[in-house]
1. Which value, in Å² rounded to 10, gives the accessible area of Arg420 with a 1.4 Å probe and all protein chains present?
2. Quick query: amide H of Ser150 versus all other amide H atoms, modeled in the peptide plane; which residues come in under 5 Å with a sequence gap of 5 or more or a different chain?
3. Heads up, I need the accessible area for Asp32: 1.4 angstrom probe, whole protein in place, Å², nearest 10.
4. How much accessible area per residue does the range 76-224 have, counting only protein heavy atoms and a probe of 1.4 Å, in square angstrom?
5. Principal axis lengths of the chain from Cα atoms, whole Å, largest first?
6. Considering the Cα positions of the range 1-89, please state its Rg to one decimal place and its Dmax as a whole number of Å.
7. Dividing the Cα convex hull volume of the range 82-201 by residue count, how many Å³ per residue is that?
8. If you average 1/r over all unlike Cα pairs in the range 229-273 and invert the result, what Kirkwood radius do you get in angstrom?
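The values are calculated or read from the model by the stated rules, or taken from the named source; none is laboratory data. Everything numeric here is computed off the predicted structure, so don't read it as measured data. Note that each Cβ is placed from the backbone with ideal geometry, even for glycine, and that neighbours are counted across all protein chains shown. Ligands, DNA and RNA are excluded from the accessible area calculation, which covers all protein heavy atoms including side chains. Shrake-Rupley method; radii C 1.70, N 1.55, O 1.52, S 1.80 Å.
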Amino acid sequence: MISGPIRAGRLSSDACEADWIWDREVETESDDHAFARASASWDRQFRHLMEHSSFYSRRFREAGVAASAVDLADITRLPFSTKTDLKQAIDERPPFGGNLCVPPESVKRVYQTSGTTGSPSVLALTQADIETWTTIGTRTYFASGVHEHSSVLSTFGAGPFVAGHTYFVLSRIGSRVVPVGPGDADRVLFGMRAGVFDTLLTTPSFAQYLSNRLESAGEKIAPLRHVVTGGEPGGGIPAVRDHIQAVLGGTVNEVMGIGDVAPSLFGECPHQQGMHFCGGGHVWVEIVEPDSREPIKIEPGAVGELVYTHLTRQAMPVVRFLGGDIVRIEGGTCGCGRTTFRMRILGRRDDMFIVRAVKVYPSAILAVVGEFRPRVTGRARVVRRGSEMTVEPPVPLEVEVPKARLGDTELAAEIERAVRSALIFRCTVQLVAEEEFGAAGYKTRLVRQT
């Protein structure tokens, strides 16, 4: 459990007197200074794209903006990019595609995408790109509270996906590293019992799974100092976060990135008030209205889809890349002293559905279901027919429960009433045993299509 007040930007149990901000010049700069820094980088990047990216130079010409440079203040004149666009650019000229802006021999690291919607794509990095990713990631994880004296067990795989870049980041920070990889609960629990680590990097699904497993066994383990969640929404949902903190101990906060841009871009400090943007000088971020894609000012209370533009990427830059994450911008100053904007993830655009003209994100359902612990495990998902966006109520929900609760019709009815009260739509709840719900070793899909 969290004990004592948070000292500036440190974990409550962190007595270190070193600066808690890795790159103070960038992370505490004014908006005007940040824009000036980004503008200078973008001017160089635009020339780089026009000279070396056949993909973007063609897209810019088609948009009628190739005759002269486009300033960062006018970047909305440029077209959006999607994952499908980038995949097509690769397919036209494999293995790296028409957006490779450097000679192939300059590519020094290659990651792969998951290929969830087709065959995998590749993400190429030059040595400078590797350093940029490490720089951004170091700001991100240092902001979360991972410091040189941390002993970190990571459940992120070393490859082929970009999450493996976290090991470069931990090395840069100077932490002790215990690499385990995804899904090996027994080895993680062994490390906890042995006191090998005090900080856990994992998905919120896996952290919940470990918590449920310890609770059901009645086992008490020395509390961790810190749990950093990423890879999916959840670590910022109070019902999820509070349960993990109650069982595993320490502070739970979250980080986020996106493979096509950088594996770590946002990091939540120990004040737990949303994730700070940590990519200053290297990535420019916009938010747009998810349907119309009209720009929205980044200010407290704004809700929209994140859009990314590389400012310094050499090998495979993206411009106005639609990330698919719907976020809410948080307000107020943060006690850690960082001045970059903070946000919370509301959900993935792909997971969103509409009930009676109201947009619903499955992560909001998780927040409601989580209040019913210990009668539920905390996992739930929406059942949808195909790729339909509009769902007529009652919306089918599957809620994972311990086997002993399978026939608890009153529990199902209580959840249905709670969802109706909190989210203003009717649902039907089917209770599903842990053994049948599906693997809990890494991520949880929040939507099941039939």
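1. 130
2. Under 5 Å from the amide H of Ser150 lie the amide H atoms of Arg176, each far enough along the sequence or on another chain.
3. Taking all protein chains as shown, Asp32 has close to 130 Å².
4. Numbers: 6330 Å² over 149 residues.
Accessible surface, normalised per residue, equals 43 Å².
5. 67, 55, 41
6. Here Rg and the maximum Cα pair distance are 20.7, 60 Å.
7. On the way: hull volume 13.9 nm³, N = 120.
Considering the Cα atoms of the range 82-201, their hull volume per residue is 116 Å³.
8. Values: mean 1/r = 0.0901 Å⁻¹.
The Cα-based Kirkwood calculation yields 11.1 Å.
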